[in-house]
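Below is one structure, written out as structure tokens; the observations come after it.
Only the coordinates and a few stated rules stand behind these numbers; no lab work does. None of the values given here were measured: they were computed from a predicted structure. Ideal geometry is used to build each Cβ from the backbone, glycine not excepted, and the neighbour counts take in all protein chains shown.
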Amino acid sequence: MAIGIVYAHIFETDNRHLSTLYALDLIGAATGALTSVFLLNTFGLAQVVAIAIGLLLLALVVALIAHKNRYSKILAPLVLGVIFLMGFAKDALNFTIPVAKDPSKDLYRLMANPAFKSEKIESRWSAFGQTDLVKFTYPDGTVSKSMFIDAAAGTKVIDIDELAKDTVKMRKVLSGFPAVFALNFLSEKEKDSVLIIGPGGGIDIATTYFMGFKYIEAAEVNPSFVALMEKYNPSTFLDKENIKVHVNEGRNFIIENKGKFDAIILTIPVTKSSRGTDFYGLTENYLFTMEALADYLDGLTEDGAIYFTMHGRQEVYKMLANFLELQDRMGVNQIEALKKVYIYSDEMNPVLVIKKNPFEQKTMEEAHNTAHYYGLDKEPFYFPYIRQESLDTIVQNVNYQWFMFDKLLYDISNGSYAYDELWKAASINLSPVSDDSPYFFNYNNGLPDAMTTPLWLGLFIIGWFIFNHMNGWKSVSFSESTSLYIRRKFRAWALVSFLLGFSYILVQGYLFQVLNLKLSNPSQSFSLLLFTFLLGNGLGSLVTGAFKKNLSRKLITYTVLVILVSLLTVYVLLPIWYKQLSEFWIALFLLLPSFFIGIPFPVLLKKASSLKEKKSIPYLLGISSVAGVAASIFAVVISILYGYRFVFLLALLGYGLVIVLAYRSKTLKIQNT
């Protein structure tokens, strides 16, 4: 709030240079967006906060020097001294932030357990949050290590060399890996290459290594994970010639390596870090859409398969919904599609195996019998080609029915039910998920409970604006000499400001959602996109500094250009160049729409600078900002219910209303002259 007050004061006191000030603000924000990830990956959170405070204090020094009053000579050196001392105190700021006392945090529960000792070996910060490597010492003297992201999503560290020395321990460790059962039925020709998405502490890597895969690649999106493992677990992550770990987003990595892998393994790759544990904040949502599944299938060899280890039945059903819908769009009916699938479960973590081409019946018969032998026949359970077994009896006057396979899946596999019954018959949301609405972990029908509070905030903002708009913005404190024409004019400008702020965030959200899939690291990708978008806005704002006359006409013209360029970008340029775009070209590509998007609001501010009321500029800035907050909420709500394409169309509608209002304002001016 304090920064907002200072920000508004600067614009109010120097309204002759509004375009330049607004441009510098956007360019500064762009620079901050680009450097923030670097700082978080290099320093700890406390140090980054200290750097931010130091920059604010430096801004204070500049302001004190510029004012040249009697206090400046005293305060400026004092503030500089504080900044200097903060630089010397950087080591003191490198402290460990304690784990929150939250039962949902794995690390808190483990470190609070008196049955064994725990010790943090090393902690590293990145844009993903804090990654901790922790050693646990048990009463019998044995030791284990685990890694955690923001004290959650624990993963055990597995050392290949250590397992190689102890075959008993190796069998015990590998048997705890759910997908190992399915991997046992692969022939030697199906073990040339494997990709592991989210290798964690190395259990996936170790399993495939000991099972004889010739070349093992892993994609881990968190750089701190990889750095810690290369330092403390080199035998698994670094030393072996046939193992290569990439810092990359798994889906993006597959797109760059089509048709290469005999197996793709995803073992519950959900970090649940500080980036957001709600369904809408998870980077991993994009790993489980229909388009992602299509990318995985394209990444397989002709004999290849994908191995999903899930949290529970609902995730299996939802991924199957994706697969069946995808196969239907490819012209493959449900009966043939389910010949490419089998599911087994130990009641804890079901494994869904999806093959590029149908499984051989002989292999499925052998795997099915073995699954029963090892007790991997708990729900959900399904194998193709095998006849359903059932039991219908009465036990103590209660009708008891038992089916060997999941009844719904079996009935879909033989055509008794349409495949869409998988989600239509469910009481929770199991519908297929697309990149346009990528909320795989949302199981609520309609709007999820997690969005209730944000939605109320968004509705409150809109209600606040409507109330003030209907009351003529009396809080602006117009002077008694202010004409009715000026009051009506400000009222129209306030509405334009709200629409511009609202539409700006909506179109930004859509462009980011589309382009982010082309980039290799979610946090760095977002930083790059935000930098480019804000830089383009800043350059657009700089151009408005040359605008002197016909501001209403220019507001209309450039808002029309925003709509046209946005449509050109989304429906013409992106479809043509999307597959060829590299990260560098994506950054340049985004400059085109962002340049024009950055023009209308500075033009509005220049128009408002002609008003004598001192609060007009701060109010318009504030209205635009709170509109952006509301838009960020409604962007998520709309994308959940209807998809991001509707978010984009709503943004264009907002800009269309700006054109209408600007034209009416221009007409109003003509009538009053």
Given 260/424; 156/362; 169/214, the pairs whose alpha carbons are separated by over 32 Å: 260/424; 156/362
What does the extension gain come out to for residue 578 and residue 172, with contour length at 0.36 nm per residue minus their alpha carbon separation? 141.5 nm
Sorted from fewest to most neighbouring beta carbons within 10 Å, what does the list 460, 512 look like? 460, 512
Might you report the magnitude of the Cβ-based charge dipole of the stretch 106-154 about its Cα centre, with Lys and Arg at +1 and Asp and Glu at -1, to the nearest 20 debye? 60 debye
Residue 298 to residue 360: FRET efficiency via 1/(1 + (r/R0)^6), r the Cβ-Cβ distance, R0 30 Å, to the nearest 0.05? 0.85
Efficiency by 1/(1 + (r/R0)^6): what FRET value for residue 591 and residue 17, r their Cβ-Cβ distance, R0 = 35 Å, to the nearest 0.05? 0.90
Where nothing but the Cβ of Lys and Arg (+1) and of Asp and Glu (-1) is charged, how large is the charge dipole of the stretch 447-671 around its Cα centre, in debye to the nearest 20? 1120 debye
Return an integer: the convex hull volume of the alpha-carbon atoms of the stretch 106-154, in Å³ per residue. 55 Å³
Determine the gain in length on full extension of the stretch residue 258-residue 156; use 0.36 nm per residue of separation and subtract their C-alpha separation, reporting nm with one decimal. 33.7 nm
Extending each Cα 7 Å along its Cβ direction at residue 411 and residue 42, get the distance between those two points in nm, one decimal. 6.2 nm
So between residue 214 and residue 449, what do we pick up on full extension, going 0.36 nm a residue minus the alpha carbon distance? 79.9 nm
Between residue 122 and residue 388, how high is the FRET efficiency from 1/(1 + (r/R0)^6) when r is the Cβ-Cβ distance and R₀ = 41 Å? Nearest 0.05. 0.20
With N set to the number of residues, divide the alpha-carbon radius of gyration of the stretch 158-424 by 2.2 N^0.38 Å and report two decimals. 1.03
At 4 °C and 1.567 mPa s, the Stokes-Einstein diffusion coefficient in µm²/s for the stretch 447-671, with hydrodynamic radius from the Kirkwood sum on alpha carbon pairs, is 70 µm²/s
In nm, give the distance between the simple-model label positions of residue 456 and residue 564, each being 7 Å from the Cα along the Cα-to-Cβ direction. 4.6 nm
When the Kirkwood hydrodynamic radius is evaluated over all pairs of different C-alpha atoms of the stretch 393-518, what value in angstrom, to one decimal, is obtained? 20.7 Å
